[in-house]
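The values are calculated or read from the model by the stated rules, or taken from the named source; none is laboratory data. Predicted model only: the values in this text are computed from it and were never measured. Cβ sites come from the backbone with ideal geometry, for glycine too, and all protein chains shown count toward neighbours. Side chains included, ligands, DNA and RNA excluded: accessible areas come from the protein's heavy atoms. Shrake-Rupley method; radii C 1.70, N 1.55, O 1.52, S 1.80 Å.
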Amino acid sequence: MKRPVRILLTVVAVIAVIVCIFCILFIVQYVRGKSVSDKLGSGVRSGQVVEPLDPQDDGKYMAINVDFDSLHDVNPEIYAWIEVPGTNINYAVVQSAADDLFYDDHGVDRSYYSGGSIFSQRYNTTTFQDPVTVLYGRQSQTMFAQVNNFADAAFFAKNQKIFVYTPDKVYEYTIFAAYPHSSEHLLLCHDFTDSQQFADYFASLGEAINANYRRELFPQAGDKVLTLSTCYRQNRMQRFLVQGVLTETYDVIK
């Protein structure tokens, strides 16, 4: 065999080995990241509404089985848990104090994970008291892949709730809209603290293309809206948004 041919084959073999190594590392980190998310969520189920002991107490209470102490041992930046009944969305929610896109490709334990996490950015507080709170997740096999299911009218009609658990409160949202949207940054391009901009944005949803919505639930100034944002399955240049309005707040039973 001629020397140039041997050199070429050697180079090809080395490149093939390097590619294989990277593929193996990618698979390992993906499986590890997914297993971390699955392990954290394995015991988490819907909270149970609890009647107050005092008949005169008109508060609303819920018992939850999210162990936030254990979650904070994994990562103190975990501040909530989201569950969307009818989907596999049942994950911790994080927000980085230093890098708004950190959790786009890191797991909730802060290790690299191409599937990312469910996260908010510092444009929001972590109180869910902003006019519009946006949670991001990748359109992958896990995380927010099933957000796109709400593009189907029958699925949208059947599944109407989002629950967010925090150490002290449970927030119940009723879904009022699901639609493809441009890739604009929602919180940078709209000042939802301005009541007129808030009203104008949601009033315009009735004109959205390929949208599912419940017009009677369109939010009014003073309402709290939760937005789930991911890539649109039909057009990766767009986002797909599912939005719910806060309809109930529960105190967590300690």
Exercise. From a point 7 Å beyond the Cα of residue 191 in the direction of its Cβ, which residues of the range 108-123 have a backbone N at a distance under 19 Å?
Worked result: 123
Exercise. Which parts of the range 56-93 would a label at residue 251 reach, counting a residue when its backbone N lies under 15 Å from a point 7 Å out along Cα-to-Cβ?
Worked result: 56-64
For this session: Considering Cα pairs under 8 angstrom that are at least six residues apart, work out the relative contact order of the range 165-254 and quote it in whole percent.
Result: 46 percent
Problem set entry | Mean separation of Cα contacts under 8 Å (6+ apart) over length of the range 99-254, as relative contact order % | 27 percent
Exercise. Local charge sum around residue 145 (other residues, Cβ-Cβ under 11 Å, Lys/Arg +1, Asp/Glu -1)?
Worked result: +2
Problem set entry | Residues whose placed amide H lies under 5 Å from that of residue 91, excluding near-sequence neighbours | 82
For this session: Would you kindly find the accessible area of residue 236, with a 1.4 Å probe and non-protein molecules such as ligands, DNA and RNA excluded, rounding to the nearest 10 Å²?
Result: 150 Å²
Exercise. At a probe radius of 1.4 Å, what is the per-residue accessible area of residue 190, in Å² to the nearest 10?
Worked result: 50 Å²
For this session: Could you run the Karplus curve 6.51 cos²θ - 1.76 cosθ + 1.60 with θ = phi - 60° over the range 178-192 and give me ³J(HN,Hα) per residue in whole Hz, x for Gly and Pro?
Result: 8, 6, x, 9, 5, 7, 4, 7, 4, 7, 8, 8, 9, 9, 6
Problem set entry | Extension gain (nm, one decimal) between residue 200 and residue 123, 0.36 nm per residue minus Cα-Cα | 25.7 nm
Seminar exercise, completed: Once both label points are put 7 Å beyond Cα along the C-beta direction, the residue 214-residue 67 separation in nm becomes 3.5 nm
Exercise. By the scheme Lys and Arg +1, Asp and Glu -1, what is the net charge of all other residues having a beta-carbon under 12 Å from that of residue 176?
Worked result: +1
Seminar exercise, completed: One finds the C-alpha centres of the range 105-170 and the range 222-238 to be spaced, in Å, by 10 Å
Seminar exercise, completed: By the Cα gyration tensor axes a ≥ b ≥ c (a/c under 1.5 gives rounded; else a/b larger than b/c gives prolate, otherwise oblate), the shape of the range 104-254 is rounded
Problem set entry | Charge sum, other residues only, whose C-beta stays under 13 Å from residue 206's C-beta, Lys/Arg counted +1 and Asp/Glu -1 | -1
For this session: Could you work out how far apart the two model spin labels at residue 153 and residue 236 are, taking each label as a point 7 Å from the Cα in the direction of the beta carbon, and quote it in nm?
Result: 3.0 nm
Exercise. For residue 74 and residue 168, what is the calculated FRET efficiency with R₀ set at 22 Å and r taken between the beta-carbons, to the nearest 0.05?
Worked result: 0.65
